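The values are calculated or read from the model by the stated rules, or taken from the named source; none is laboratory data. Given the structure is predicted, the values throughout are model-derived calculations rather than measurements. Using ideal geometry, Cβ is built from the backbone for each residue, glycine included, and neighbour counts are taken over all protein chains shown.
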Amino acid sequence: MPRDMRATFTRRKLFPGSYGILGLLVALLGGCSSFHNVSIVSHGDGMAEESTEAIPTPAPPPVASHPSAPETESDSSFPVVSQPLKPQPVPPTMGSAIATQSADDSILPRTLEDVFFDYDQYTLRGDAASALEQNAKVLLKRYSNREILIEGHCDERGTEEYNLILGERRAMVVKNYLVDLGVPAANLRILSLGKNEPFCLQPTLQCFQQNRRAHFVLK
């Protein structure tokens, strides 16, 4: 076979198949390239958006502010009248406080309590204060116009002259205390009986204690 014809035959034999293979490769490469481009574009756009776009920071929740009190509208045609101030009570003296107390007279006793003293003493004890305060209330509320005799008593020990002086001092200290509580001094009179007219006749310490007293007599 001549050389020219052999070359022509070789080209005819090789190229048709080569064209088919080349066409298939081009198609495959074209398809893969397109798919790859699509994938790149798809994933690339998503990543680009995620990387380039700033994630919006959520705004802080609004703080609820307390509404201020509404201002009252003033009408100049109506004068503003201020509320009168309540008068402050003036603390009364002890005597007037007892006389003007709101307690009902029916709850007050009708008798006066005796006041007791220690041996050879005429100073008031601690329990005498409450008794005299109660007596002052009774005298001011029930017997404000009555004369009261305060008798000073002693126990049987000691001389009669000494006990008369001691009994007078006991009656006087009781009178002065009642006057300080508001009882009028003109309504009070004192009398010392010393060891005369004892309340208890037994020679015991319990009886001696009962005889050392200031006793009240209504006139």
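Which condition from (1) surrounded by fewer than 20 Cβ atoms within 10 Å (Cβ to Cβ); (2) modelled with pLDDT of 95 or more is the one that ARG212 breaks?
Unmet condition: (1).
For the condition modelled with pLDDT of 95 or more and surrounded by fewer than 16 Cβ atoms within 10 Å (Cβ to Cβ), what is the one hit in GLU151, GLU161, GLU168?
The unique qualifying residue is GLU161.
Six or more apart or on different chains, Cβ under 8 Å: which pairs go from a residue in region 127-146 that's under 12 Å from PHE216 (Cα atoms) to one that's of a type in the set (Phe, Trp, Tyr) and at pLDDT 95 or above? Could you list them?
LEU132/TYR177; ASN135/PHE216
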